[in-house]
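The values are calculated or read from the model by the stated rules, or taken from the named source; none is laboratory data. These numbers come from a predicted model, not from an experiment. No Cβ is skipped: glycine too gets one built from the backbone with ideal geometry, and neighbour counts run over all protein chains shown. These area figures cover heavy atoms from the full protein model, side chains too; ligands, DNA and RNA do not enter into them. Shrake-Rupley method; radii C 1.70, N 1.55, O 1.52, S 1.80 Å.
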Amino acid sequence: MSAGKITRQNILDTDIYCLTAEKFSQGRSNLEIIKAMLDSGIKLVQYREKEKKMGAKYQECLEIRKMTREAGAAFIINDDIELAILVEADGVHVGQEDLPIEVVRKLVGEDMAIGLSTHSPEQARDAVNRGADYIGVGPIFRTFTKDDVCDPVGFEYLEYVVKNINIPFVAIGGIKENNVAEVLKHGARCVALVTEIVEAENIGIKINALRDAMQSAAAN
């Protein structure tokens, strides 16, 4: 993330995009996990907890909003537009079957970033035309983090986005320490990881290892 104010235009200006997944976090709370992420220099966190009650999510996100502000990190909420507005998140991320981007924009106003998950060139072009601030590109590899995930799109779609789409994007889906270099070699600059980080015994060590792998790939 660039120094200074987080905006719709620079929200994806970072290397690692972290997502929460408390059920995979080895008994640790989201607050513990996010503190470890922020302490390791992570500048972008998405809250994705589909099975929790609204009251619990609200209280948790209020605390995460405070933590991310203090760390100068961006805070994005998955799917829940009302929650994103209530806690003054920097962005909201929606899927293909959620509310249309134009409707989301009316609800969140002009300052909040809107990200959209995409799985094909057609969806990527549509996202640009409809005003998405960034897109998720994936799943690159098979992932079991989400129950309703589609089949992997592989590197062909990633390469299409690199060459043809002029808004920021994040590669996502099954990305691990052992394959992140390959993802960067195909043009990604920002990668999203879930279980690879939240399951790690030592999150700081895992993030450092990921960054070492990414820097090596960028140098070659």
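Contact annotation: residue pairs with Cβ atoms under 6 Å, 6 or more positions apart or on different chains, pairing a residue in the range 201-220 that is closer than 17 Å to Y17 by Cβ and of a type outside the set (D, E, K, R) with a partner that is modelled with pLDDT of 95 or more and open to solvent by 80 Å² or more (accessible area, probe 1.4 Å), are A217/K185. In contact (Cβ under 8 Å) with a residue 40 or more places away in the chain and either farther than 30 Å from M54 by Cα or charged (D, E, K, R) (or both) - does that describe any residue in the range 141-160? Within the range 141-160, not a single residue is in contact (Cβ under 8 Å) with a residue 40 or more places away in the chain and either farther than 30 Å from M54 by Cα or charged (D, E, K, R) (or both).
Can you confirm whether V104 is in a helix (DSSP H, G or I), more than 15 Å from the chain's Cα centre (by Cα) and within 19 Å of T7 (Cβ to Cβ)? Criteria met by V104. Of the helices (runs of 4 or more DSSP H) lying entirely inside the range 124-220, those carrying at least 1 residues that are basic (K, R) are 154-164, 180-185, 203-219.
Every test in (1) in contact with an Asp or Glu (Cβ under 9 Å, 6 or more places away or on another chain); (2) part of a helix (DSSP H, G or I); (3) buried (at least 17 other Cβ atoms within 10 Å of the Cβ) is passed by L116 save one, and that test is (2). From the list G136, G91, the one residue that fits, being under 18 Å from the mean Cα position of the chain (by Cα) and touching a residue at least 60 places away in the same chain (Cβ under 8 Å), is G91. Here are some conditions: (1) within 23 Å of L210 (Cβ to Cβ); (2) among the hydrophobic types (A, V, I, L, M, F, W, C); (3) more than 18 Å from the chain's Cα centre (by Cα). I33 meets all but one. Which one does it not meet? Failing condition for I33: (3). With respect to (1) open to solvent by less than 20 Å² (accessible area, probe 1.4 Å); (2) in contact with a strand residue (DSSP E or B) (Cβ under 7 Å, 6 or more places away or on another chain); (3) within 18 Å of I76 (Cβ to Cβ); (4) of a type in the set (V, I, T), the lone exception for V108 is condition (1).
With respect to F24, is the statement that it is of a type in the set (F, W, Y) and in contact (Cβ under 8 Å) with a residue 60 or more places away in the chain true? Answer is yes for this residue.
The lone criterion from (1) in contact with a Cys (Cβ under 7 Å, 6 or more places away or on another chain); (2) without any contact (Cβ under 8 Å) to a residue 24 or more places away in the chain; (3) of a type outside the set (A, V, I, L, M) left unmet by Y17 is number (2). Applying the condition of being out of contact with any helix residue (DSSP H, G or I) (no Cβ under 9 Å at 6 or more places or on another chain) and at pLDDT below 95 to the range 184-220 and asking which residue is surrounded by the fewest Cβ atoms within 10 Å (Cβ to Cβ) yields A219.
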